[in-house]
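Okay, structure first, notes after.
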Amino acid sequence: MPRTPSPESRRRARLVALNARLRACRKCHRAGFLDERESVPIARDPEPDAPVPRILLVGQAPGLRATLHDRPFAGIAGDKLRAWFEQAGIPRADFYRRIHFAAITRCYPGRLPGARGDRVPSPGEQALCRPWLDELIALLEPEIVLLVGLLAIRSFLGVAGPLSRIVGTATIRDSVRYLPLPHPSGVSRWLNEPANVAAVDRAMTILRGWIAELGQPPAGNGPPSRSQSPRARS
Ligand code: SF4
């Protein structure tokens, strides 16, 4: 008699199937927002030998390098993110094993004309892509959601303040822990300020504590002390 698949293997199969549908999506191309020769959806399947992650990272949109390498945070920004998460107890080798990567829109939006950074996806693109994110969240039921950049932070938390007031704080809603983070891109000067670096350090202390609480003990020095506990908002 065939064995009944475990809940974990059913979740993995559903995620792989969702990713396959997502990679075939061309809604924004048909609507005239994107050109298929420059941009297609990026959706990475879970690592075969790791559980489906319960930590979800939501960024703005994939960059050019992610598109070229077919994986998110493939470049220098990813190196910085790996270093931050290492502080929180996630070894670099586990970057793609412990975290599932998504974004407000899943296709590279192209450069902002006349600027160094990428174009922010339009409200139309965001609206077209949101059902993918909602379906992903319903499937993953993440315990921790890392919000990278103002677009993701505003989309989930609705806060409009500057990053310096948001990073280093935490929000817990319906048992889901939300952690706002800046984009780790070298294009941003925000990270040059020592006070902002300290805010990222606080955020990583919060994440380290959450990982310990959720039964995934961090490597190194253990959970934060009470004085380092998150400033949670709900
Ligand atoms: S951005 Fe999202 S909705 Fe638009 S084509 Fe890419 S995957 Fe589809």
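The values are calculated or read from the model by the stated rules, or taken from the named source; none is laboratory data. Please read these numbers as outputs of a predicted model, since none were measured by experiment. When we count neighbours, we look across all protein chains shown, and the Cβ atoms used for this are built from the backbone with ideal geometry, even at glycine.
Note on region 116-148: residues that are more than 16 Å from the ligand (Cβ to nearest atom) and either under 12 Å from the mean Cα position of the chain (by Cα) or modelled with pLDDT under 95 (or both) amount to 8. Just to be sure I understand, how many residues within region 17-46 are part of a loop (DSSP other than H, G, I, E, B), more than 16 Å from the chain's Cα centre (by Cα) and of a type in the set (D, E, K, R)? Residues meeting the conditions: 5.
If you go through region 31-48, how many residues are more than 14 Å from the ligand (Cβ to nearest atom) and without any contact (Cβ under 8 Å) to a residue 24 or more places away in the chain? Walk me through it before giving the result.
We begin by selecting, within region 31-48, every residue more than 14 Å from the ligand (Cβ to nearest atom); these are 45-48.
Then drop every residue that is not without any contact (Cβ under 8 Å) to a residue 24 or more places away in the chain, which leaves 48.
Total satisfying the criteria: 1.
State which residue pairs qualify: first residue polar (S, T, N, Q) and inside region 17-30, second residue within 11 Å of the ligand (Cβ to nearest atom) in any location, beta carbons under 7 Å apart, and separation of 6 or more residues or different chains. Short answer, once both residue conditions are applied: ASN19/ALA43. Checking each residue of region 200-216 against the condition of being under 18 Å from ILE99 (Cβ atoms), touching a helix residue (DSSP H, G or I) at 6+ places or on another chain (Cβ under 8 Å) and not in a helix (DSSP H, G or I) gives at least one match. PRO62 satisfies every condition listed in (1) within 16 Å of the ligand (Cβ to nearest atom); (2) over 20 Å from PRO121 (Cβ atoms); (3) out of contact with any helix residue (DSSP H, G or I) (no Cβ under 9 Å at 6 or more places or on another chain) except (2). Note on region 155-184: residues that are over 14 Å from ILE144 (Cα atoms) and more than 14 Å from the chain's Cα centre (by Cα) total 11.
Give me the residue from region 14-25 that is within 13 Å of the ligand (Cβ to nearest atom) and under 28 Å from ILE153 (Cβ atoms) and, out of that set, surrounded by the fewest Cβ atoms within 10 Å (Cβ to Cβ).
Pass one, region 14-25, residues within 13 Å of the ligand (Cβ to nearest atom): 18-25.
From what's left, under 28 Å from ILE153 (Cβ atoms): 18-19, 21-23, 25.
Working: LEU18: 18, ASN19: 19, ARG21: 12, LEU22: 19, ARG23: 15, CYS25: 18.
Among residues in region 14-25 that are within 13 Å of the ligand (Cβ to nearest atom) and under 28 Å from ILE153 (Cβ atoms), the one surrounded by the fewest Cβ atoms within 10 Å (Cβ to Cβ) is ARG21.
Among all residues of region 6-13, there is none that is within 20 Å of ASP70 (Cα to Cα), at pLDDT 90 or above and either within 16 Å of the ligand (Cβ to nearest atom) or in a loop (DSSP other than H, G, I, E, B) (or both).
Among what's in region 79-115 and is within 16 Å of the ligand (Cβ to nearest atom) and small (Gly, Ala, Ser), pick the residue that is modelled with the lowest pLDDT. For region 79-115, the residue satisfying everything is GLY110.
Does LEU112 fit the bill of being surrounded by 18 or more Cβ atoms within 10 Å (Cβ to Cβ) and not charged (D, E, K, R)?
Values: surrounded by 18 or more Cβ atoms within 10 Å (Cβ to Cβ): no; not charged (D, E, K, R): yes.
No: the conditions fail for LEU112.
Within region 172-208, restricting attention to residues that are among the charged types (D, E, K, R) and in contact (Cβ under 8 Å) with a residue 60 or more places away in the chain, the residue that is farthest from PHE85 (Cα to Cα) is ARG173.
PHE73 - would you say it is away from the ligand (no atom under 11 Å from the Cβ), in contact with a helix residue (DSSP H, G or I) (Cβ under 6 Å, 6 or more places away or on another chain) and not in a helix (DSSP H, G or I)? Talk me through it step by step, then tell me what you get.
Details: away from the ligand (no atom under 11 Å from the Cβ): yes; in contact with a helix residue (DSSP H, G or I) (Cβ under 6 Å, 6 or more places away or on another chain): yes; not in a helix (DSSP H, G or I): yes.
When the stated conditions are applied, PHE73 passes them.
For beta carbons closer than 8 Å, sequence separation of 6+ or different chains, a first residue in region 118-139 that is closer than 22 Å to LEU15 by Cα and assigned to a helix (DSSP H, G or I) and a second that is among the charged types (D, E, K, R) and near the ligand (Cβ under 8 Å from one of its atoms), the qualifying pairs are LEU128/LYS27; CYS129/LYS27; CYS129/ARG106; TRP132/ARG106. Selection over region 64-78 of residues that are in contact (Cβ under 8 Å) with a residue 24 or more places away in the chain and farther than 14 Å from ALA102 by Cβ gives a count of 6.
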